[in-house]
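For reference, the structure is listed below as structure tokens.
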Amino acid sequence: MPIMPDKWEIRNGCLYREYVFRDFREAFTFMTACALEAEAANHHPDWRNVYNRLEVRLITHEARSLTERDYKLARAFETLHERMFGRDTDTSERQGASA
């Protein structure tokens, strides 16, 4: 079985992670970086953004299940998150207002 990235879980057959950012701008900046990574991998997330919160779900639709592609993209998102916000900043645990 592929290695599960930290802070991700399997929920309803998908890899799932929720991020909480300081504000919408920070959330959207991260989403933009993830979108470019997903496009390069030709593997696109199902996601939902409301103000400072981002929910990400990954599944390989063609296979109707999780594949290495999902785990690889989740790891890429975590690498981006670490580069953008640093190791000591865990945006998933930030408290913030939501719309």
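The values are calculated or read from the model by the stated rules, or taken from the named source; none is laboratory data. What you are looking at is a predicted structure, and each value in this text was computed from that prediction instead of being measured. Neighbour counts are summed over all protein chains in view; Cβ atoms, including those assigned to glycine, are modelled from backbone coordinates with ideal geometry.
Only one residue in E93, E62, E39 is loosely packed, with under 14 Cβ neighbours inside 10 Å, modelled with pLDDT of 95 or more, charged (D, E, K, R) and out of contact with any strand residue (DSSP E or B) (no Cβ under 6 Å at 6 or more places or on another chain), so which one is that?
Working: E93 fails: modelled with pLDDT of 95 or more; E62 fails: modelled with pLDDT of 95 or more.
So the residue among E93, E62, E39 that is loosely packed, with under 14 Cβ neighbours inside 10 Å, modelled with pLDDT of 95 or more, charged (D, E, K, R) and out of contact with any strand residue (DSSP E or B) (no Cβ under 6 Å at 6 or more places or on another chain) is E39.
Name the pairs whose Cβ atoms lie under 9 Å apart, with the first residue in the range 66-84 and among the polar types (S, T, N, Q), the second part of a helix (DSSP H, G or I), and 6 or more positions between them or separate chains?
Here the result reads T79/E37, each pair linking the range 66-84 to a residue that is part of a helix (DSSP H, G or I).
Looking at the range 79-88, is at least one residue surrounded by 14 or more Cβ atoms within 10 Å (Cβ to Cβ), among the aromatic types (F, W, Y) and modelled with pLDDT of 95 or more?
Checking the range 79-88: not a single residue is surrounded by 14 or more Cβ atoms within 10 Å (Cβ to Cβ), among the aromatic types (F, W, Y) and modelled with pLDDT of 95 or more.
Which residues, counting only those in the range 38-65, are basic (K, R), within 13 Å of A27 (Cβ to Cβ) and in contact (Cβ under 8 Å) with a residue 40 or more places away in the chain?
Correct list: R53 only.
Is there a residue in the range 39-52 that is farther than 17 Å from T79 by Cβ, β-branched (V, I, T) and within 13 Å of the chain's Cα centre (by Cα)?
For the range 39-52, residues farther than 17 Å from T79 by Cβ, β-branched (V, I, T) and within 13 Å of the chain's Cα centre (by Cα): absent.
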